[in-house]
Every structure is written in C-alpha cells, then in structure tokens.
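Have a look at the structure below before the remarks.
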Amino acid sequence: MEVRVANVRKEFDRFPALRDVSLDIKSGELIALLGPSGSGKTTLLRLIAGLERPTRGKIFFGEEDASHKSIQERNVGFVFQHYALFRHMTVADNIGFGLKVRHGPTRPSAQEIRRRASELLDLVQLSGLEKRYPAQLSGGQRQRVALARAMAIEPRVLLLDEPFGALDAQVRRELRRWLRDIHDATGHTTVFVTHDQEEALELADRVVVMSQGRIEQVGTADEIYDTPNSPFVYGFIGESSSVPVKVEDGQVWIADRPIGLSAPQAPEGQATLFFRPHDVELVDGCSGCIAGTVAASRRVAGTRRVELEIGGDRQRVEIELPVDHPAAQKSRVAFRPRRWKLFPAA
Amino acid sequence: MTTAPAKAGWRFRQPSVIPGFGLTLGFSLAYLTLIILIPLSGLIWRSAALGWADFWAIATDRRTINALEISFGTAFIAAAVNVVFGTIVAWVLVRYNFPGRRIVDAMVDLPFALPTAVAGIALTTLYAPNGWVGSLLAPLGIKVAYTPLGIVIALIFIGLPFVVRTVQPIMEEIDKEVEEAAATLGANRFQIISRVLFPGLAPAIVTGFALAFARGVGEYGSVIFIAGNLPYRSEIAPLLIVIRLEEYNYAAATAIAAIMLGLSFVMLLVINLVQSWSRKRYG
C-alpha cells in the first residue's frame, strides 16, 4: 500500500511538532524516519497510524484519503518501543487479539486464529512459546511477539516506533537483520522510527532525515551519506568536520590563503566547508592545502583522530589517519579534502 | 554455590542478602499474637465454654441467623455496588483532568475520617421519610431508613474509599500504549475496556471488594442509626452481640462473634486464593 503524506502540520498546544511535511512512501518499501529527539519523527509515525490527527494537511493510503479515518479503520500494524503487550494474555492470545476482536464474517474461526498465531510465531522464530505470558519472555522475544501481533491483522502498512530502542546492542543488531529478512519475505510497506543512524542506513531502502519538525532529506543510504543536501544532514549523518571559509574568484579561501579547492559554481562570500575526516589526502609542501598544528590525537578503534588548529584564529578541525601513519607524530600536518561540500554561511 | 553442598529437602529459611530475618520474623509473630491471636483465641475459648448443644442452639436461633444474613447480605450488596461505582470514580479521577478534581479526590477519603456515628445520623436525617431524599422516595413507595436498604446505603458510604483507593494506583499504572496497541489492532472502546483494561484491574478490584466487604460486615456505628434495628428484619449481627452483652449473656455474645469470625475468615481466605491465582496468571 502506498502512503502519501501531503503538507501535514501538527501542533501540540500551539507548539508545532511538524511543519508542512510531505512524503511519498512506495508500496513494499522499508523506510526509516531518522532524526534527533524532538525532530517530529514519532509524531509523523503516529499521524500515519491515526493515533494523532493532523492540524493541517492530509494522509492518503493509496488513492483514499485516510486523514479522518479512525485508528481502527486504518488497519495499520503498530509496534511500540516498549512492546505494549497484553500482560494477562498468552503469547498466542496476544497475536490472535486483532482477529478475535473482529465482528461478523470477517472474524476467522477460533481454530483458524490459532493456526495463524502459530504460523506467525514460526515466522518470528518463537515456535513453541504459545502458552507463555509476556512476563516470561526476554525483551527481544517480546518485541518479536509484538511484531507478530501487528502482522496478524494483515495490515496495509507496518509502523514501528523505535522498535529496538529498549534492547541491548547485541540483540539490536540481531533483530535488525531479522527484520530485514521478515520484510523481504512478507513485503509489507514498513515505516520505522529510529535515532540510530547505523540502524537506519543499514536497514532501510530509503532514509528520511528529519530535524525540528521538517524533512531535511529523503534518499537511499548512499545518497544521504555521499551527497547530504544541508549542513544539518552533513553533521548528523556520520562523522564530519567543518571550517568557515570564503569563496572568491571561484576559489575557496581560509583566511588569506587559497586551499586548492575550486568552486566555480559556488556563490561568492562567506561559506562553510564540510568534509569527512577520513576522506582527506595528506600533502607535503603547502601551496593550496589546509595546514595546521596538531593539537590532540586520539586512538579510536582502527584509526587515529587528529585534531588540528588552523588559520590565525586557531579553528579546530578533525581528520582521521591510519594508526601507523607517520604524520600523526609530526607537529604540523597539511591536507586537502578529497570530497567536500560548501554551504553558504547562515 | 560450588563451596556449599546443596542440602536436600525443604529449608526453613531462604538465604537472603538482607540480614535480620530471625529478628523481624520473631517480632512479627509476637506482635500478631499479642494484637490478633490472643484476643481471638479468647473469643473462641469463651464460646467453647458454652458447650456444643448450647452453642448450636444459639447458632441456629432464628434471630441469630437473620442477623447474620442481614450483616453478610447487606455487606455483600454494598461491596458489589461499591465495586462498580468506586471503579468508575477511580477512572474519572485518573483519566480526566477537570476543575475541582483534587477536591473530589480528597472527598473520597471522608468516610475514612468521619466518625461513623456522624455518618449514620446524617444519612438517617436524609433518608428518613421526612428527610430531603426520603421525602422524595416515600411517594414512590420506597422506604430506605429503618429497612435493610438503609443498611446497604450506610455500608456503601463506609466502603467506597476502600475500592477507590485500591483500584486508583493500579489504574494510574496502566500504560497508555497498551490501549493504543489494542486500538490499532481494531478493538473498539468497549473491547479495549473489557478485554484489555479490566483483566489488568481485576486483582485490585477483588482486593477492594474484600476490604469493603470486611469493613461492611463489622460496621456498627453508622448502621445502628439508619437500620431501625427491628429484630428479624433490620438487626445486624454486631448489634445483636451488643444486646447480648447488655443482657450479661456473655456466652451468647461470644458465640455469635465466633460464628462471624469463622464466616469472615472463610470468605477472606477464598478471596485471597482467587487473588493469588490471578496474580500468578497475570504476573
């Protein structure tokens, strides 16, 4: 099922949580809403589910306007961060709940509901736990039950709110791969919210980066990482360094020295240069490069992060070097970013 | 674990990180013995002095049986009414924010604090045939004061806070997400309440019922004013005990008391069993 969010605005007590958000979600897609807390990602998810009503704008399921449909009518599967399982029901009853509360001919027989529940338990790899109560399961198992419960109603779209947020790192990684497999096997249109960029980039077909109630960028993991379209996305996704620069004559300048980067398209004037710390080349002599004195150097896993002070006002930038690189021992290092991007100064 | 050989069989005391088990258990037992066990066994002792035949005669006396029926019957009805309305009151207090909510919340505790005799006199004044409420009900042929119905009303008044105060905290703990989850799965409001919320509240409601019921069975002060105290019709067992005492018939008084004790104990035991069963199930 395609989902289209059109110019949606949502206010809580006059405070805008979402400002004019539009998003097209393709059928069968696995899409991540990524952003820092307060960016409006959970609000957007809850609006799609019908747990909140938009202040303005519309939400379409396929061609149909779902904005004013009740939660029950929308037929979405929702998975909560803290599972929200029914404590007094067995695992099988939890999964069958959505089918049991149906009325009339759409309600399957008790036998059919049991069969569906055990089928879904197989899918989430928890066969044999039908009779357990949620209190007797681990966090990871509970979240699997919650997903099975959401899928039992054959939802038109599956919505997951920080589904792995309450789990420890090991289980998270495991469930991530598992969710991808489930998605590939069932083909549900799936939207999940996360603040973990690794999770979003690894798992999703497309990532929606949000900040302060707005969508900053939508794209595949490669697009988001390689061509961020705003300073926020550049700073939020992956490691980045930035330096204030000046554009003049199609050249990039730091203070009064050109740094060997030409930017014929960029508008003249003050700007900020962004680059990835690991994506730099060291140069020897310095005619057209960024040079600085080493202020600090830290070992981080397989690389060494070196902090340089550059220019007259001792602006600090960070670059990443291989652990055994001799440059780390020197007091002065010169480099040039291989890939970079300029954003006009705000 | 590896150094200490595992002892077979049942052990009196589980090892615990908190010290002082012996001391606290000893204290608890001594305290309970002093406060509860000795007076109650005194009661049994006195009534046992009566001899089986006399005891049986008092127990099967029409007046005794009627008084017990009235006491337990009205307490049961009042507790049942309180369960329904007390749960609703708790729901309103937990779920909605309205002006004066704190005042209503405080009002719930009034029956705890008010001397029961005051409550009894106030209720009698209201429900007597010439009282505010009684005069409205009288033309409809409903008599409240001086009938078992009046007893029920007094016990409802006395028992309400027990239900509200046991259900309220559990209700506050209900996770809103659980309701939302049920809604996304297609459950309507009625199904959410009956299938999701109520089962979670059931143990607390049973506790509230037990407390209100126990309080109702033993209630004396408020009831004697509104009941009219007609033997066989609106005379409660605690009053009958007092009457026997005033007649210096201590044996009969203790016999009735012992019967009440036995009945109450059995009922509370059953309620406790129901509770531990539901706790085990719902974790």
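Please treat every number below as a calculation from the coordinates, not as lab data. In this text the structure is predicted, and so the values were computed from the model without any measurement. FYI the Cβ positions are ideal-geometry reconstructions off the backbone, even for glycines, and counts take in every protein chain you see.
With a ≥ b ≥ c the root eigenvalues of the C-alpha gyration tensor of the stretch B:79-119, is it rounded (a/c under 1.5), prolate (a/b larger than b/c) or oblate? Before the final figure, lay out each step's value.
Values: a/c = 3.93, a/b = 1.34, b/c = 2.93.
The shape class here is oblate.
In the stretch B:73-162, what trypsin sites (Lys or Arg not before Pro) fall in a loop by DSSP, with at most 16 other Cβ atoms inside 10 Å?
Numbers: sites: B:R95, B:R101, B:R102, B:K143; in loops: B:K143.
Qualifying residues, ordered by number: B:K143.
Ignore the peptide's own chain and count Cβ atoms of other chains within 10 Å of each Cβ in A:63-72; give me the average, rounded.
2
Please enumerate, by chain and number, the lysines with C-alpha under 19 Å from the C-alpha of A:K246, excluding those fewer than 8 residues away in the same chain.
A:K341
Inside 10 Å of the C-beta atoms of B:185-196, what's the mean count of C-beta atoms belonging to other chains?
Values: counts 21, 17, 7, 4, 1, 1, 6, 1, 0, 0, 7, 6.
Partner Cβ neighbours, averaged per residue: 6.
How would you classify the stretch A:204-328 from its alpha-carbon gyration tensor, with a ≥ b ≥ c the square roots of the eigenvalues: rounded for a/c under 1.5, else prolate if a/b is greater than b/c, otherwise oblate?
Values: a/c = 2.11, a/b = 1.22, b/c = 1.73.
Verdict is oblate for the stretch A:204-328.
Cross-link list A:K69/B:K176; A:K69/A:K131; A:K100/A:K131: which exceed 29 angstrom alpha carbon to alpha carbon?
Working: A:K69/B:K176 21 Å; A:K69/A:K131 35 Å; A:K100/A:K131 17 Å.
Violating the 29 Å limit, Cα to Cα: A:K69/A:K131.
Using 0.36 nm times the number of residues separating B:S276 and B:L230, minus their current alpha carbon distance, what extension gain do you get?
On the way: separation 46, 0.36 × 46 = 16.56 nm, distance 4.00 nm.
Difference between extended and current length: 12.6 nm.
Which one of B:R46, B:R233, B:R189 has the biggest mean-square fluctuation once chain B is modelled by GNM with Cα springs under 10 Å?
Answer for the Gaussian network model of chain B: B:R189.
Pick from B:N66, B:N82, B:N188: which is most flexible by mean-square fluctuation in a GNM of chain B where alpha carbon atoms under 10 Å apart are linked?
With Cα springs under 10 Å in chain B, the top fluctuation among B:N66, B:N82, B:N188 is at B:N188.
Once both labels are modelled 7 Å past Cα along the beta-carbon direction, what's the B:M107-A:F12 spacing in nm?
For B:M107 paired with A:F12, the spin-label model returns 3.2 nm.
Could you order the peptides A:50-62, B:29-41, A:173-185 from most to least packed, using the average number of other C-beta atoms within 10 Å per residue? Numbers along the way, then the final one.
On the way: A:50-62: 17.5, B:29-41: 10.9, A:173-185: 15.9.
The densest-packed peptide leads the list: A:50-62, A:173-185, B:29-41.
Starting from the Cα-Cα distance between A:Q329 and A:A110, subtract it from 0.36 nm times their residue separation and give me the gain in nm to one decimal. Present the calculation step by step, with values, prior to reporting the outcome.
Numbers: separation 219, 0.36 × 219 = 78.84 nm, distance 7.24 nm.
Gain in length upon complete extension: 71.6 nm.
For a paramagnetic label modelled at 7 Å from the Cα of B:I36 toward its Cβ, which residues of the stretch B:253-268 fall within the zone defined by backbone nitrogen distances under 16 Å?
Within reach of a label on B:I36: B:261-268.
What does the C-alpha gyration tensor say about the overall shape of chain B? Classify as rounded when a/c is under 1.5, otherwise prolate if a/b is larger than b/c, or oblate. It would help to have the intermediate numbers written out before the result.
Working: a/c = 2.25, a/b = 1.10, b/c = 2.04.
Note, shape of chain B comes out oblate.
How much of the DSSP beta bridge set in chain A is antiparallel, as a percent to the nearest 5?
On the way: 60 of 78 bridges.
If I count the DSSP bridges inside chain A, around 75 percent turn out antiparallel.
Just to be sure I understand the model, the point goes 7 Å from the Cα along the line to the Cβ. What's the resulting A:S127 to A:V294 distance in nm?
According to this spin-label approximation, the distance is 5.9 nm.
Please report the net charge: other residues with Cβ closer than 15 Å to the Cβ of B:N188, K and R +1, D and E -1. Spell out each step's value before the answer.
On the way: positive: A:K69, A:R74, A:K100, A:R102, A:R107, B:R189, B:R195; negative: A:E73, B:E179, B:E180.
Summing Lys and Arg as +1 and Asp and Glu as -1 gives +4.
Taking amide H positions as placed in the peptide plane 1.01 Å from N, state which residues far from A:L33 in sequence (5 or more) or on other chains have amide H under 5 Å from it.
So A:L33 has HN proximity to A:F192, A:V193, A:T194, A:V208.
Taking the Cβ-Cβ separation of A:A255 and A:S27 as r and a Förster radius of 60 Å, what is the calculated FRET efficiency to the nearest 0.05?
Details: r = 53 Å, r/R0 = 0.88.
About 0.70, to the nearest 0.05.
Counting Lys and Arg as +1 and Asp and Glu as -1, what is the net charge of the other residues whose Cβ lies under 15 Å from the Cβ of A:L129? Walk me through the numbers before you get to the answer.
Working: positive: A:R114, A:K131, A:R132, A:R142, A:R144, A:R149; negative: A:D93, A:E119, A:D122, A:E130.
Taking every Cβ under 15 Å from that of A:L129, the sum is +2.
How big is the stretch A:1-156 on each of its three principal axes, counting only the C-alpha atoms and giving the largest first in Å?
47, 36, 29
Just grab the label-to-label distance for A:R53 and A:A166, each label 7 Å out from Cα along the Cβ direction, in nm (one decimal).
In this crude label model, A:R53 to A:A166 measures out at 2.9 nm.
Using R₀ = 60 Å, calculate the FRET efficiency as 1/(1 + (r/R₀)^6) where r is the Cβ-Cβ separation of B:I174 and A:D279; round to 0.05. If you can, show how the numbers build up before the last one.
Details: r = 51 Å, r/R0 = 0.85.
That gives a FRET efficiency of 0.70.
On average, how many beta carbons from a partner chain sit within 10 Å of the beta carbon of a residue in B:172-182?
On the way: counts 0, 0, 0, 6, 3, 9, 7, 1, 8, 14, 7.
Average neighbour count from other chains, rounded to a whole number: 5.
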